[in-house]
Amino acid sequence: MRTDVIRRALGNALWPFISFGAILLAWELVAQLGGVPDYMLPSVSQVVERGWETRDLLITHGRWTILEIVGGFALSALIAIPLGMVIVTSRLLERLLYPPIVALNSVPKVGLAPLFVVWFGFGMAPTIAMTALVTFFPLLVNTVMGLRSVDAEMIHLARVMAATRLRLFLKVRLPHALPSIFAGLKVATSLAVIGALVSEFIASDRGWGYVLVSAGGQLDTALIFAVMILLSAVATAFFYLVAAVERLVVPWHSSQRQPH
Amino acid sequence: MAPPSAMAPSYIAARDVTKVFDVRGRDKVHAVDPIGLTVDKGEFVALLGPSGCGKSTLLSMIAGLTPATSGDVVVDGRAVTAPLTDLGFVFQKDLLLPWRDVLSNVLVQFEMRGQRTDRHRETALRLLHSVGLEGMERRLPHELSGGMRQRVAICRALVHDPPLLLLDEPLGALDALTRDQLRIDIQRIWSRDRKTAVLVTHDIEEAVFLAQRVIVMTPRPGRIHADIPIELPFPRRLEVKETPEFLGYVRTIRQQFEALGVIHED
């Protein structure tokens, strides 16, 4: 049975492996034989080589960026999820807080990066603030939606079971909202990477965002590609990390069930 | 049709109860027009009517979940002003918590009340076994069929041994065969415990099969059109449905609905 599982996992990994391989091969061929200058499109081998040469730089700046991504994400989750819980506790709070928050969401948030430099200075603080800001709304909205989506009859049932509001919240509303909250967290992972990167473009002299800007200035395209590949890998890993936690926390939800 | 006497020692007494829903920007919706209804202790009564006739609203008012616009409801000698908690309620949806296994979904009845569950495990298991769910205690709801899930919901409504059972179209979402089985289960449980039970349904056969008294309601605004005692002996087996007496009741009630314009042939 175990070998069966391993074989199936390998089988699942095989197809994306083939498609990724084909893409890399096509890229290499176009770059080598297509007559495109290296500074426009470096070959895969050049990107790998450049990445290896600059590995110390990439690791140092990568640590910084990952710290900002995770820090901003965590800060946002620690504020947005409890705030969502507070908002659904009372109609008044909901009417008071929800409309302005939704209105603020329409602000193109990355445009605030220069303002954050003025407010928080240069370096990690404005980037964490930006990362938290861009991930805030999906987390809040998903928390509110999840908590609100409890069946009206379920509330009736809880009332005839003499449930207090606290027990209703802990035993029904919160577990019911977890799949929605995790959906928000998963969306937030990729937004967090974007937020951190944009902020580093203008508000930092450290991090992969800064490396990208300086590499661009020197037409070091191979380095740009190397950083982008690393960033994608980090974003993907972050997403699957959250998805793995979700599987542990809400194994009962239909999205987590293995197809038979 | 006549309003019940205020002196009647009924377990449930609804006096001139009305419900008007205020839909913003539209006319008021009269869901329930003045209704007088009494249910004796230990009696099984069915509220039968077409969809939207206010029968569920009436049940909800009896439970104290929906305040009446006027009139009053008395249950067990006390005016209902807040949700009653000494009852079992079964809805059309099973409302099982998908993250809890079967046993834990039954014991949630005590958890919600802030009571310890360990001393009630035996009762819960016994109930589950009595409806054919032995061996299912550790299953999650999504692993169960619709009929099994609804049986768990019925156990949850009974596990704290309440004197009153309210059933709001509990079999409405099930297929015909499962529905027959659950009717038998419900009848067996009622015959054993003789709890006061009010069933809301739009199924004539179901009402006649289960109830001692069928209250026929008019389309919205809901009023009581007829109050028909079903004098079929208990326990009733499925074969009873083929007897002339059973068919007579079904015909009488169908004629009532035809007279009300709920059913018409062409």
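The values are calculated or read from the model by the stated rules, or taken from the named source; none is laboratory data. Values in this document were obtained by computation on a predicted structure and should not be read as measured data. Positions of Cβ are generated from backbone atoms using ideal geometry, with glycine treated the same way; all protein chains shown enter the neighbour counts. Quick note on the areas: whole protein, heavy atoms, side chains included, nothing else; ligands and nucleic acids left out. Shrake-Rupley method; radii C 1.70, N 1.55, O 1.52, S 1.80 Å.
Which one of the conditions (1) free of Cβ contacts under 8 Å to residues at least 12 places away in the same chain; (2) within 26 Å of residue B:177 (Cα to Cα); (3) open to solvent by 60 Å² or more (accessible area, probe 1.4 Å); (4) not aromatic (Phe, Trp, Tyr) does residue B:266 fail to meet, given that it meets all the rest?
Failing condition for residue B:266: (2).
In region B:226-255, what residues are open to solvent by less than 60 Å² (accessible area, probe 1.4 Å) and not in a helix (DSSP H, G or I)?
Answer for region B:226-255, where residues must be open to solvent by less than 60 Å² (accessible area, probe 1.4 Å) and not in a helix (DSSP H, G or I): B:226, B:228, B:230, B:232, B:234, B:236, B:243.
Which one of A:224, A:155 is part of a helix (DSSP H, G or I), touching a Leu at 6+ places or on another chain (Cβ under 9 Å) and within 14 Å of another protein chain (Cβ to nearest Cβ)?
Among A:224, A:155, only A:155 is part of a helix (DSSP H, G or I), touching a Leu at 6+ places or on another chain (Cβ under 9 Å) and within 14 Å of another protein chain (Cβ to nearest Cβ).
What single numbered condition from (1) hydrophobic (A, V, I, L, M, F, W, C); (2) surrounded by 18 or more Cβ atoms within 10 Å (Cβ to Cβ); (3) more than 9 Å from chain A (Cβ to nearest Cβ) fails to hold for residue B:79?
(2)
Grab the helices (runs of 4 or more DSSP H) fully contained in region B:106-211, keeping just those with 1 or more residues being more than 16 Å from the chain's Cα centre (by Cα). Even if it seems obvious, please write down each step before you answer.
Numbers: elements: B:121-130, B:146-158, B:176-193, B:204-210.
Counting at least 1 such residues, we get B:121-130, B:146-158, B:176-193.
Go through B:116, B:139, B:220, B:179 for me and flag whichever is surrounded by fewer than 21 Cβ atoms within 10 Å (Cβ to Cβ) and within 30 Å of residue B:244 (Cβ to Cβ).
Selected residue: B:179, the only one of B:116, B:139, B:220, B:179 that is surrounded by fewer than 21 Cβ atoms within 10 Å (Cβ to Cβ) and within 30 Å of residue B:244 (Cβ to Cβ).
When residue A:134 is evaluated against the numbered criteria (1) over 23 Å from the mean Cα position of the chain (by Cα); (2) closer than 25 Å to residue A:214 by Cβ, which criterion, by number, is the only one it fails?
Failed condition: (1).
With respect to residue A:249, is the statement that it is farther than 30 Å from residue A:120 by Cα, at pLDDT below 95, under 21 Å from the mean Cα position of the chain (by Cα) and not aromatic (Phe, Trp, Tyr) true?
Taking the combined requirement at face value, the residue satisfies it.
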